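Throughout, read-outs are computed from the coordinates displayed, never taken from laboratory work. If you're wondering where the values come from, they're calculated on a predicted model, not measured in any experiment. Cβ coordinates were reconstructed from backbone atoms using ideal geometry, including for glycine residues, and neighbour counts include every protein chain displayed.
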Amino acid sequence: MLWSDLLAAFALYLVLEGLLPFASPQRWRRSLLLLGQLGDRELRIGGLVIMLAGLFLLYLVRA
C-alpha cells in the first residue's frame, strides 16, 4: 500500500463526512442529538457494525 492510497482514502472519507451537513444541516443536527442520547453499548455495537462493513468492502475491493 502506498501512502498516496491512504491519503486518497482519507480525502474521500472527508468528502463523504461533509455531504450530510452540507446537504441537510437540520437533519444532520437532529441525527447528532439522537446519537448523543444513545448509551455506550449501542454506540459500540454501531461502531463495530460500521467497522465490519468497512473491512468487508475493503476486502471486496482489494480481492
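Could you check how many residues of the stretch 15-63 are in contact with a Lys or Arg (Cβ under 9 Å, 6 or more places away or on another chain) and not hydrophobic (A, V, I, L, M, F, W, C)? Walk me through how you get there before you give the answer.
Initial filter on the stretch 15-63 (in contact with a Lys or Arg (Cβ under 9 Å, 6 or more places away or on another chain)): 20-21.
Now narrow it down to the ones that are not hydrophobic (A, V, I, L, M, F, W, C): 21.
Number satisfying all stated conditions: 1.
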Residues being surrounded by 10 or more Cβ atoms within 10 Å (Cβ to Cβ) and among the aromatic types (Phe, Trp, Tyr) - total across the stretch 35-63: 1
